[in-house]
1. Each residue of the range 86-92 in turn: what ³J(HN,Hα) in whole Hz from Karplus with 6.51, -1.76, 1.60 and θ = phi - 60°, glycine and Pro shown as x?
2. Please list, in chain and number order, the residues 5+ apart from M71 or on another chain whose amide H is under 5 Å from its amide H, with Hs placed from the backbone.
3. Give me the distance in nm between label points sitting 7 Å out from Cα along the Cα-to-Cβ direction at K57 and K70, one decimal.
4. Sequence gap of 8 or more, or different chains, plus Cα separation below 15 Å: how many lysine pairs satisfy both in the range 33-113?
5. HN-Hα J couplings of the range 67-79 from phi, Karplus 6.51/-1.76/1.60, θ = phi - 60°, integer Hz, Gly and Pro as x?
6. Ranking request for peptides 59-65, 76-82: highest mean number of other beta-carbon atoms within 10 Å first, then the rest in descending order.
7. How much length is gained if the chain between K115 and D102 is pulled fully straight, taking 0.36 nm per residue apart and subtracting their Cα-Cα distance, in nm to one decimal?
8. Using the Kirkwood radius over Cα pairs, work out the Stokes-Einstein diffusion coefficient for the range 33-94 at 20 °C and 1.002 mPa s, in µm²/s as a whole number.
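Derivation of every value follows stated rules applied to the coordinates shown; laboratory data play no part. Quantities reported herein were computed from a predicted structural model and do not represent experimental measurements. Cβ sites come from the backbone with ideal geometry, for glycine too, and all protein chains shown count toward neighbours.
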Amino acid sequence: MRKLYLAFLLVCTFALNSYVADNYSHAFLDDSVKFTHFYPNPATSYINFTFEKTIDKNYTLQVYNFLGRKMSESRITEPKITINLDDNYFRGLYIYQLRDKDGRIIESGKFQVVK
């Protein structure tokens, strides 16, 4: 009986933690609000990022390869940024992160490079 009680308690703990984490993350992130749009996807030699006009000029756009190496970082000074995909960008998935001045991630996503 004691083993059954411990198993039940363990299952409830994991279920509750999952429920709390899911609700916590959705409470602060609104998926309908997008600050960044990018094209073309998949990209071959360049990728364009366009931003909403209301975006803070203190934000930065960072691009990482799938292994976590930072490929580029650009301050948002204009509503459109073009990143040239030079020889350091190989075929694969890349992650972009839009960060505020404190380094918090405002938005992130992924795009594909095919060469």
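1. With coefficients 6.51, -1.76 and 1.60, one gets 6, 5, 7, 8, 9, 4, x Hz.
2. For M71, the qualifying residues are V63, Y64, N65.
3. Spacing of the two 7 Å Cα→Cβ label points: 2.3 nm.
4. Number of lysine pairs found: 7.
5. Once θ is set to phi - 60°, the couplings for the range 67-79 become 8, x, 7, 6, 9, 7, 9, 9, 7, 7, 10, 9, x Hz.
6. Top to bottom by mean Cβ count within 10 Å: 59-65, 76-82.
7. 1.2 nm
8. Once the numbers are plugged in, D ends up at 173 µm²/s.
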